[in-house]
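My questions will all concern the structure given below.
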Amino acid sequence: MSDLLQYFKDRRQEMVDLLTTMVNFETPTRDKAHVDKMGAFLEDQFRALGASSVTRIPQVEAGDLLLAKWNENTPGKPIMFLIHIDTVWPLGTLAQRPPTIDDQGRLFGPGAIDMKGGITVVLSALKGLKDRGEMPERPIWVLMTTDEEVGSVYSKPTIIEFAQQAGLVLVMEPATIDEALKTQRKGVATYQIDIEGLPSHAGNAPEKGINAITEFAQQVTLINSFNDLQRGTSVSVTMVSGGSATNVIPAHVTAFVDTRAITVANYNEIREKMLGLEPHVPGAKIKVTQTNGHTPMERNEMMIRAYQQVKAIGERYGLSIHEDSSGGGSDGNTVASLGIPVLDGLGPQGDGLHALHEHVVLNSLPRRSTLIAAMLKEWQFE
């Protein structure tokens, strides 16, 4: 066992205490006041860890963003951590499910694995390097965002701005249930379909109406044909609403379609098909709007080289590093689309993202803190 790994194992309880403290902050994305309370806590943490600067980036619709920097005047591109403090859980969830630790060493609580566990790892790694006098002479940035759970709609321009200046971006989303990094993420896009028909009395003059639901039914058949699960492409109608009364030919339908693809080429192919939908029922009108989207984080040559380096670093410190893929998107997809080296899933091991059994495997905290500290010390840019 490496000295660094033993160091962090000896401080496991400190990490558990820090994680528990952060889980006790309720941070639903849409509640700016509560999200900003945790932002203030993290600002204090960054300053206590010797950040040379902490910049607050004000937001109106979401919590304020933070950019913390260490060694900001040191030559070279920074390694940038990407963390988010918002969660999917509404206010009051904490009273129902306060942080608890079971006899298997798992900490349960809202936001524990997504992603307050990853934040715990970053803070613990930085503190360990600082306390050991091993903080490397290289620029290190931490960008804290507040709206990842709604697609980073407000923070994405800031993410792009600072990621473009970095040499490596480390996304602190949780590891897989088997503690693997995520070297591939599907691209995801949601489309809204609005269909306009013409209302008419279903008994007296059905022939004078234009049935929006009939139009939608024909569209569903076509949309389902876009699926290609063998290539990792899925196209799923997920929400539908329409009609106004049981005796009226329906004049409106609104539907939402979730699409996922492994490669950028397949992602763009589905986008073209969705935006190209044409009406079938005479007189019907159809409008398709993309409401959000992350292009795929592909397992390309750049990703493979980055993974090989982190695997080699981990092995030198007694860690076994593995890789896997994810069907969900993250801010890692945004960074990958810029052609910047990125690694995702560097948070702790756990399970239950967005679910009642959300938890962190506590023994993984020292291992992940060791890996992050080792990467900061040893990473070599290409």
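Which residue pairs have Cβ atoms closer than 6 Å, lie 6 or more positions apart in sequence or on different chains, and pair a first residue in the stretch 355-382 that is in the same structural domain as Tyr7 (by TED's automatic domain parsing) with a second residue that is of a type in the set (Ser, Thr, Tyr)?
Note: pairs meeting the criteria are Ser369/Ser124; Thr370/Tyr317; Ala374/Tyr317.
To keep it simple, each residue is scored yes or no on (1) modelled with pLDDT of 95 or more; (2) in a strand (DSSP E or B); (3) surrounded by 15 or more Cβ atoms within 10 Å (Cβ to Cβ); (4) not assigned by TED's automatic domain parsing to the domain that holds Glu215.
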position: Thr259; (1), (2), (3), (4): yes, yes, yes, no
position: Arg271; (1), (2), (3), (4): yes, no, yes, no
position: Met274; (1), (2), (3), (4): yes, no, yes, no
position: Leu277; (1), (2), (3), (4): yes, no, yes, no
position: Val288; (1), (2), (3), (4): yes, yes, yes, no
position: Met302; (1), (2), (3), (4): yes, no, yes, yes
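For the stretch 295-306: of the residues being in contact with a Phe, Trp or Tyr (Cβ under 9 Å, 6 or more places away or on another chain) and of a type outside the set (S, T, N, Q), which is farthest from Ala217 (Cα to Cα)?
That would be Arg299.
Of everything in the stretch 223-236 that's assigned to a helix (DSSP H, G or I) and of a type in the set (A, V, I, L, M, F, W, C), which residue is farthest from Ala255 (Cα to Cα)?
Leu229
Quick check, is Val153 in a strand (DSSP E or B) and either at pLDDT 95 or above or farther than 24 Å from Ile321 by Cβ (or both)?
Here the answer is no, as Val153 does not meet what is asked.
So, one more: Could you grab the pairs with beta carbons closer than 6 Å, sequence gap of 6+ or different chains, first residue in the stretch 33-48 and of a type outside the set (Gly, Ala, Ser), second one part of a helix (DSSP H, G or I) and surrounded by 15 or more Cβ atoms within 10 Å (Cβ to Cβ)?
Short answer, once both residue conditions are applied: Gln45/Leu123.
Scan (1) assigned to a loop (DSSP other than H, G, I, E, B); (2) at pLDDT 95 or above for the single condition His354 breaks and write down its number.
Here His354 meets the rest and fails (2).
Now for a separate question. Across the stretch 157-186, what is the total count of residues that are part of a strand (DSSP E or B) and touching a Lys or Arg at 6+ places or on another chain (Cβ under 7 Å)?
2
From the list Ser320, Ser326, which one is closer than 19 Å to Thr176 by Cβ, of a type outside the set (Val, Ile, Thr) and modelled with pLDDT under 95?
Ser326
Another one. Name the one entry in Ala62, Ala95 that is outside any strand (DSSP E or B) and more than 22 Å from Ser152 (Cα to Cα).
Result of the check over Ala62, Ala95: Ala95.
Let me ask another. When you look at Asp114, is it more than 18 Å from Ile159 (Cα to Cα) and in a helix (DSSP H, G or I), yes or no?
When the stated conditions are applied, Asp114 passes them.
Of everything in the stretch 172-205 that's more than 17 Å from Ile372 (Cα to Cα) and basic (Lys, Arg), which residue is surrounded by the most Cβ atoms within 10 Å (Cβ to Cβ)?
Among them, the one singled out is Arg185.
Also, I was wondering about something else. Tell me yes or no: at least one residue of the stretch 3-19 is touching a Ser or Thr at 6+ places or on another chain (Cβ under 9 Å), surrounded by 14 or more Cβ atoms within 10 Å (Cβ to Cβ), touching a residue at least 24 places away in the same chain (Cβ under 8 Å) and not in a helix (DSSP H, G or I).
yes
Inspect all residues belonging to the stretch 108-122 and state whether any of them is surrounded by fewer than 21 Cβ atoms within 10 Å (Cβ to Cβ) and more than 22 Å from the chain's Cα centre (by Cα).
no
Any idea how many residues of the stretch 206-222 are crowded, with 22+ Cβ neighbours inside 10 Å and either aliphatic (A, V, I, L, M) or part of a loop (DSSP other than H, G, I, E, B) (or both)?
Residues meeting the conditions: 2.
May I ask you to say which residue of Phe81, Phe46 is part of a helix (DSSP H, G or I) and touching a strand residue (DSSP E or B) at 6+ places or on another chain (Cβ under 6 Å)?
After ruling out the rest, the residue left standing is Phe46.
Would you call Thr93 assigned by TED's automatic domain parsing to the domain that holds Leu19, surrounded by 15 or more Cβ atoms within 10 Å (Cβ to Cβ) and either basic (Lys, Arg) or under 30 Å from Trp379 (Cβ atoms) (or both)?
Judged against the criteria, Thr93 is not a match.
Quick one: which of Gly314, Gly318, Gly328, Gly339 is in contact (Cβ under 8 Å) with a residue 60 or more places away in the chain, part of a loop (DSSP other than H, G, I, E, B) and in contact with a helix residue (DSSP H, G or I) (Cβ under 9 Å, 6 or more places away or on another chain)?
Of the residues listed, the single one that is in contact (Cβ under 8 Å) with a residue 60 or more places away in the chain, part of a loop (DSSP other than H, G, I, E, B) and in contact with a helix residue (DSSP H, G or I) (Cβ under 9 Å, 6 or more places away or on another chain) is Gly318.
If Gly243 satisfies every condition in (1) free of Cβ contacts under 8 Å to residues at least 40 places away in the same chain; (2) closer than 29 Å to Met144 by Cβ but one, which is the exception?
(2)
The values are calculated or read from the model by the stated rules, or taken from the named source; none is laboratory data. Just so we're clear, the structure is a prediction, and the values are computed from it rather than from any experiment. Here Cβ is always computed from backbone atoms with ideal geometry, including for glycine, and neighbour counts include all displayed protein chains.
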